[in-house]
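Here is the structure we will look at.
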Amino acid sequence: MRYLPLTDTDRSAMLARVGAATIDDLFVDVPEAARLDGPIRGLPMHASEMAVERHMTRLAAKNMAAGSVPFFLGAGAYRHHVPATVDHIIQRGEFLTAYTPYQPEIAQGTLQMLFEFQTQVARLYGCAVANASMYDGSTACWEAVSMAARITRRKRVVLSGALHPHYAEVVRTMAKFTEDEIADALPTVQPEPDHAGLIGRIDETTSCVVVQYPDILGRISNLAEIAEAAHARGALLIVVNTEPVALGAIQSPGELGADIVVGEGQSLGVGLQFGGPYLGLFAVRDPKHVRQMPGRLCGETVDATGKRGFVLTLSTREQHIRREKATSNICTNSGLCALAFSVHMTLLGEAGLRQLAALNHARACHAADRLAQVPGVTLVNQTFFNEFTLKVGRNGRELVRELADRGILAGVSLARLYPGVANLDDGLLVAVTETTTPEDIETLASALEELLA
């Protein structure tokens, strides 16, 4: 609970300083219809600190915490075990620096951490250069689309139907202001992604093709085929990855021809936090595109005495350079989340990441095999990493609700991701990580057998 030390005298002094008679004067720009007309009904004007704490504790107890029940949610946010060492290291005093290094070379430790973070992301994505860093995966996706338009001088964007619908919505929203043309589609619930349909939408005016890997249904695309088709028409291939642990098991997007790779880094070090904060990752395969990257790059150098040091090599947002030369204003260094990601990656190392990925995939295979045995359930995927799609023969959203009432967080229904799309409403995304036990899988399977009988 926050302690608010301001007195009425303090508030009056601040209002007088800004020329406001009352606090209501600060909200005159808010439409009257959107303002409260008095105290919130049903909420007492005053309560003791202990009474408020007890009330809030009772409310919090109504939540179903991810770690307390069988948990199969994914669709872009994944529950992995975050070693206690991560929290210990990110809270060390050496890292308690300013939010962003406006005099960057003073904070050598921060720059070194960001440099190492960039190196890890670049190697993970199979790219030449990564930046440090962005808000989250969806906004990083839009930044990649915007960057492709600058490079190709084209304004037509082809979105895969299997791109996460929230990412696609961010692109569509931003494109309203840039007047980019969006060629999108709904996902096809079939064992393999619809590459023919995607490639058929690419033409000579296309700036970029955006695909997810693994896609929203958990399938793993042949990126090389899509890259070849995009490049043949002068377009760039942007690959979105929402589960970086997968790249410990499958080939990196950069190796398969992706020009720009973006994604969400939440899986490593950050954890589930009731919706945030998250961590956007961004990398390019070809160094010639570096100057069109949004955000900032940290580099390694030596000082006048030959001692190793770190510098802010490139910063292209408008606070740092002329607005007309800036690539974007959206960049943030997301320093704490980037630090947590980097610490977790360092603790794992390459061998540890591959081992973690193998464990995830093995658990997912076990779950897919067991759930596919439930009468009325069909496994959609031909390929997957740690997430797959089931067809359950009835509205998935209602089924998820009934399972939650039994203390099982069963997955994310396609009816929730694509409301109103009738042919998707019996789809259920199921994610399985190293935190999922064989008992959790059996509990879900048994409950499905009862509810679908």
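Along the chain, the exposed loop sites are chymotrypsin sites (Phe, Trp or Tyr not before Pro) outside DSSP states H, G, I, E and B with at most 11 other Cβ atoms within 10 Å, and the longest stretch free of them is 275-453.
Can you give the alpha-carbon Rg of region 1-42 over 2.2 N^0.38 Å, where N counts its residues? It would help to have the intermediate numbers written out before the result.
Numbers: Rg = 13.0 Å, N = 42, 2.2 N^0.38 = 9.1 Å.
Dividing the Cα radius of gyration by 2.2 N^0.38 Å gives 1.43.
Relative contact order for the chain: 20 percent, from Cα pairs under 8 Å spaced at least 6 residues apart, divided by residue count. Among the protein heavy atoms of region 104-250, carbon and sulfur supply 53% of the accessible surface, probe 1.4 Å, non-protein parts ignored.
The residues of the chain expose, per residue, 50 Å² of accessible area to a 1.4 Å probe. For region 264-421, carbon and sulfur atoms together expose 51% of the accessible surface, with a 1.4 angstrom probe and every protein chain in place. Across region 419-449, the residues whose backbone nitrogen lies under 15 Å from the label position 7 Å along the beta-carbon direction of Val189 are 419-430. Scanning the chain for DSSP H helices at least 18 Å long along the axis (C-alpha atoms) with a Kyte-Doolittle mean no lower than -1.0 picks out 108-125, 137-152, 165-178, 335-372, 438-451.
Region 83-161 to region 327-385: how many Å between their Cα centroids? Answer, in whole Å: 19.
For region 408-445, the residues whose backbone nitrogen is under 15 Å from a point 7 Å from the Cα of Ala372, taken along Cα to Cβ, are 430. When the Cα atoms of region 67-183 are aligned to their principal axes, the ranges along those axes come out at 48, 46, 27 Å in descending order.
Using 0.36 nm per residue, how much length does the chain from Arg92 to Ser12 gain when fully extended, once their Cα-Cα distance is taken away?
Details: separation 80, 0.36 × 80 = 28.80 nm, distance 3.93 nm.
Net length gain for the segment: 24.9 nm.
What FRET efficiency comes out for the pair Val311/Arg291, r = Cβ-Cβ distance, R0 = 22 Å, nearest 0.05?
Values: r = 17 Å, r/R0 = 0.75.
My answer for the efficiency is 0.85.
With the simple spin-label model, which puts each label point 7 Å out from Cα in the Cβ direction, the Ser68 to Glu105 separation comes to 5.3 nm.
With a cut-off of at most 11 other beta carbons within 10 Å, and DSSP calling the residue loop, which trypsin sites (Lys or Arg not before Pro) in region 1-43 qualify? Please list them. The partial results should precede the final answer.
Working: sites: Arg2, Arg11, Arg17, Arg35, Arg41; in loops: Arg2, Arg35, Arg41.
Qualifying residues, ordered by number: Arg2, Arg35, Arg41.
Value of Rg to Rh for the chain, rounded to two decimals, is 1.00; Kirkwood radius and Rg both from alpha-carbon coordinates.
The listed residues His166, His55 rank as His166, His55 when sorted by accessible area, largest first, using a 1.4 Å probe. Working note: Debye formula, equal point scatterers on the alpha-carbon atoms of region 172-242, no solvent; log10 I(q)/I(0) at q = 0.11, 0.17 Å⁻¹ is -0.27, -0.65.
Would you mind calculating the gained length between Gln355 and Ala224 on full extension (0.36 nm times residue separation, minus the Cα-Cα distance), in nm to one decimal?
Numbers: separation 131, 0.36 × 131 = 47.16 nm, distance 2.56 nm.
That works out to 44.6 nm of additional length.
Could you give the distance between the Cα centres of region 1-76 and region 177-233, to the whole Å? Computed from Cα coordinates, the inter-centre distance equals 44 Å. Note on Ala34 and Phe177: with the Förster distance fixed at 30 Å, the Cβ-Cβ geometry gives a FRET efficiency of about 0.80. Its alpha carbons considered, region 360-401 gives a radius of gyration followed by a Dmax of 10.7, 29 Å.
The values are calculated or read from the model by the stated rules, or taken from the named source; none is laboratory data. Values in this document were obtained by computation on a predicted structure and should not be read as measured data. For neighbour counting, all protein chains shown are included, and Cβ atoms are generated from backbone atoms with ideal geometry for every residue, glycine included. These area figures cover heavy atoms from the full protein model, side chains too; ligands, DNA and RNA do not enter into them. Shrake-Rupley method; radii C 1.70, N 1.55, O 1.52, S 1.80 Å.
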